[in-house]
Amino acid sequence: MSEPTDPWHFPRPDLAQAYLQGFDLGLTSARGLFARRRMGKSEFLKHDLLPAALRAGYLAAYTNLWDDTDHPGQALATAIAQATQPKGLGKFWEDLNTPIRKLKGGGKLPLGIEGSLELDLADKEKAAVPAIQAALQAADKARTRLLLVIDEAQVLAAPQHKAVAHSLRAGLDIRKPGIKVLFAGSSEAALREMFSRAAAPFYNWAPLEPFPLLGREFVEAMVKQLAAVARQPLKLDDALAAFAALKETPEFFRWYIERYLMYQQQGSEQALKYTQARVHDDSSYARAWKELSRADRAVLLLAARGVQDLYGAQALRQLQELLDSADVTASAPRTSIRRLTGARLQLMARVDHGAYRFEDPEFQTWVAARRTID
């Protein structure tokens, strides 16, 4: 959360101030942001929003739940405790590393633990619920506003993390004036499920909106920075064309800039071709494709080819043809869509009733190029 030293970082101070101002004015205590991967979201959160919050007098806690998707409770508790008592983080976990029986002797147990008296708190993730509550109590003692940024927050939507999500929601509910929360994620579908499903712990708890994406100003800044270090400056028109060809994806554009800088004599066109080949390296896509069922592949292939009504009679006939079976029923695409938009796969997102899109446009291009599902 220190000031960025990366000369290629494109700062967005106005956007950071806009989010903080919304919290400062009391308009909201939480908000949700979504953007597909590689769009600069995490970099903005770590290098723009959190430093701005620190300068504004907040304590700042950040965790990316994708760093350990199996243990979000531990990650959340550690991030909050580290922000509120950085020198006492070891003691924080040491205090929690006490058998439940000793906790019971000291008074009322944390919510949800009463029925687990034999639980060994040496396993930090088993202590997730009391750890989150203890961390929030430490934040109370700090008497300073806290900004909690939860990146890839859709991990909390997984059923196995329901207890952690409920505990976090309960703890944050009573601390809205002092703790502001920004949920960010790369899966629009999973985040919408998290905030719009009535049975979900965070139902209606934060408004969800798209993260503002980078555009021409970002490209201009990269070209200007490149001019300071390159023997052959890059033409802005070439850079803008490359940005468009790379689907306006900041991370891919950085790959292009890096390639151009290393091999300036080859020019912009060759740098773009190299970057596109790198983007389309299908090793990860092939692995994801192989792990899917044939029915899921068939639905993905239809969606990639532009079929809008995946539940219609025409789509059903195409599925039967792709799967080489007349026994495929109307329930097949619905079952596949549930899996493809679910928290585990997150390959597609629901954008309207019966309308879906790929979370990763590059994966869509890869799928569309396939002739069969095998």
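The values are calculated or read from the model by the stated rules, or taken from the named source; none is laboratory data. Note that the structure is predicted; figures quoted are calculated from it, not measured. Here the Cβ positions follow ideal geometry from the backbone for every residue, glycine too, while neighbour counts run over all protein chains shown. Side chains are part of the model used for accessible areas, which takes the heavy atoms of the whole protein and leaves out ligands, DNA and RNA. Shrake-Rupley method; radii C 1.70, N 1.55, O 1.52, S 1.80 Å.
A compact table of results
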{"read-out": "Cα gyration tensor of the stretch 318-374 - equivalent ellipsoid semi-axes, whole Å, descending", "value": "20, 16, 10"}
{"read-out": "Heavy-atom surface of the chain, accessible at 1.4 Å and reported per residue (Å²)", "value": "51 Å²"}
{"read-out": "Share of carbon and sulfur in the accessible heavy-atom surface of the chain [1.4 Å probe, %]", "value": "50 percent"}
{"read-out": "Normalised per residue, the volume of the convex hull around the Cα set of the stretch 147-191 (Å³)", "value": "63 Å³"}
{"read-out": "Mean Cα-pair separation over length for the chain, i.e. relative contact order, pairs under 8 Å, 6 or more apart, %", "value": "17 percent"}
{"read-out": "Computed magnitude of the charge dipole of the chain (debye, nearest 20; Cβ of K, R +1, Cβ of D, E -1)", "value": "580 debye"}
{"read-out": "Cα convex hull of the chain - mean projected area over all directions, nm²", "value": "22.1 nm²"}
{"read-out": "P(r), alpha carbons of the stretch 118-223 - 5 Å bins starting at zero, rounded %", "value": "2, 11, 18, 20, 16, 13, 8, 5, 4, 2, 0, 0, 0"}
{"read-out": "Ranked by how many other beta carbons lie within 10 Å on average, peptides 258-267, 152-161 from highest", "value": "152-161, 258-267"}
{"read-out": "Environment charge at Asp324 (Cβ cut-off 15 Å; Lys +1, Arg +1, Asp -1, Glu -1)", "value": "+1"}
